[in-house]
Amino acid sequence: MTEERIFDLVILGGGPAGMTAAIYAARAKLNTIILESNITGGLVNATYTVENFPSYPSIHGMDLMEKFRAHVDSLEVKVEEVCEIDRLELGGPFKRVITDEGTYAGRAIILATGRKPIPLATPTPSEQVHWCAICDGMAYVGKRVLVVGGGNSAFDESLYMLSIGIEHITLVEEMPRYFAAQATQERLFSCGKAVGHTSTKVADLIVENDVLKGAVLKHTESGETSTVKVDGVFVFLGQHPNNELFKDQLELTEQGYIRPGQDMGTGIPGVYSAGDINDKPFRQITTAVSDGTIAALAAERYIRSQGNVC
Amino acid sequence: MFEQLTDATYENRIAETAAGVCIFIKKLCPHCKNMMKVMEKFSALQPGVTLLSIDVEENKAAADALGAERAPTTLIIKGGSVVGKKAGLMNPKEMLAFYKSV
């Protein structure tokens, strides 16, 4: 496809914010497309259990995102996944997204690009470092795993890994305390197969003949080091904003996030933002849904003010 | 688009596949869903390739026999034999390059 395809609204990113925006846009009869670099669902896909989205006391993250997607599909919103985006052109009456399969132009655009996992920085690299327990946990059944991070993801994924038969988990958090929900912390540490260390970081990995043998841990206050024998490492250190496509066109915070107005506007007419890419104190599925709603309604108002809806 | 194989069917189906790719997946694995979409786009770049999939949680014998510890793991099949194997993610162009390299 080489010709330019024109829409009322182009949504960059198919996570909960982007899909919510698409639902509202479609119900407002806007010709809408979601462009997603991976698959719809975003980071929620890699969350084994979601227990705080009003509706389900407990649901697999991917199952929840498939329900979002089913709603989007029911409204016949076009979705392009595994979409390689080269650049954006955000000025002018049409906002253009140039991809490897052609150009998509929208009278308005919502940037809902989300975030990506922060990598583990160690002098020694290893292929046995992972970010998705559902994908890679199986390879460590009966073995010992190091989990890096002390938030909800680290604890939830640790519980998942123990449930599939990982023999033992060592969990390390660089700050002096864990950040996961108290109930989740208690659930993990009461099972007898996990130990945790706060004020501890991973100084290096021990690799022999391309096989991970262990990790060197360092106490951040005393400087003392110790080694732990592990067969795999799972990293849940948080995320970086996906801002490469527009960081030179928009004003961002020091951490690289968009600071939108109350209507999710970015300061460029017709350009809105939603979800984890926004600067905010709490990033949850519910806050992403809220952002997506507001961005879509504001985009609709803008588009109609320009006339000539597609 | 994907033909699903099982412990009972994988051996014969691979043996009769002249040109194909087989992906090992898990139901709740997001990278697997991503790779399946990649393989759909790859098949447009390489027409005539058969797309096969195996659920590793339901077909442990096939996974063990073919050495699939992680999901996704992609196998390249040519002339009825597995000629290449790679774990993890690729984009469609990388998938095409991998297919042509083995």
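I need to check one value: relative contact order of chain A, counting alpha carbon pairs closer than 8 Å and at least 6 residues apart, in percent. Provide the component values of the computation, followed by the final result.
Details: 702 pairs, mean separation 67.3, N = 310.
Relative contact order, chain A: 22 percent.
Fewest-first ordering of A:Phe53, A:Phe155, A:Phe282 by other beta carbons within 10 Å of each residue's beta carbon gives A:Phe282, A:Phe53, A:Phe155. Among A:Asn243, A:Asn52, A:Asn152, which one moves the most in a GNM of chain A with springs linking Cα atoms closer than 10 Å? In this elastic network of chain A, the residue with the biggest mean-square fluctuation among A:Asn243, A:Asn52, A:Asn152 is A:Asn52. As an exercise, identify the GluC sites (Glu not before Pro) in the stretch B:1-72 lying in DSSP coil whose Cβ has no more than 13 other Cβ atoms within 10 Å. Answer by residue number: B:Glu16, B:Glu58.
Distances longer than 20 Å among the Cα atoms of the stretch B:3-101: what percent of all pairs is that? Please list the in-between numbers first.
Numbers: 1319 of 4851 pairs.
Considering the stretch B:3-101, 27 percent of its Cα-Cα pairs are separated by more than 20 Å.
Sequence-distant contacts, meaning Cα pairs under 8 Å at least 6 residues apart, place the relative contact order of the stretch A:119-235 at 33 percent. In the Gaussian network model of chain A, springs joining C-alpha atoms below 10 Å, which of A:Thr225, A:Thr20, A:Thr287 carries the largest mean-square fluctuation? Residue with maximal mean-square fluctuation among A:Thr225, A:Thr20, A:Thr287: A:Thr225. Using the rule -39500 (n - 2.57) for each DSSP H run of four or more residues, divided by the residues of chain A, the 222 nm mean residue ellipticity is -7000 deg cm²/dmol. What pairs in B:Lys33/B:Lys85; A:Lys201/B:Lys26; A:Lys247/A:Lys280 have C-alpha atoms more than 21 Å from each other? The answer is A:Lys201/B:Lys26. Residue order for B:Arg70, A:Arg107, A:Arg301, fewest other beta carbons within 10 angstrom first, comes to A:Arg301, B:Arg70, A:Arg107.
So what does log10 I(q)/I(0) come out to for the stretch A:208-248 at q = 0.26, 0.33 Å⁻¹, using the Debye formula with one equal point on every Cα and no solvent? Values returned for q = 0.26, 0.33 Å⁻¹ are -0.96, -1.08.
Cβ crowding within 10 Å, taken as a proxy for footprinting-reagent exposure, orders A:Arg5, B:Arg13 from fewest neighbours to most as A:Arg5, B:Arg13.
About the centre of its Cα atoms, the protein assembly as shown shows a dipole size close to 340 debye [charges on the beta carbon of Lys, Arg (+1) and Asp, Glu (-1) only; nearest 20 debye].
Please report the relative contact order for the stretch A:175-310, taking Cα pairs under 8 Å with a sequence separation of at least 6, and give it as a percent rounded to a whole number. Write out the running numbers ahead of the final one.
On the way: 146 pairs, mean separation 15.8, N = 136.
Relative contact order comes out at 12 percent.
In the protein assembly as shown, one over the average inverse separation of all distinct C-alpha pairs is 22.8 Å, which is the Kirkwood hydrodynamic radius.
Taking chain A as a Gaussian network of alpha-carbon nodes connected by springs under 10 Å, the highest mean-square fluctuation of the residues A:Val141, A:Val79, A:Val97 belongs to A:Val141. Per the Debye calculation on the stretch A:123-199 with a single equal scatterer at every Cα and no solvent contribution, log₁₀ I(q)/I(0) for q = 0.16 Å⁻¹ amounts to -0.53.
Only the coordinates and a few stated rules stand behind these numbers; no lab work does. Because the structure is a prediction, the values reported are computed rather than measured. Glycine also receives a Cβ, built like all others from the backbone with ideal geometry; neighbour counts cover every protein chain displayed.
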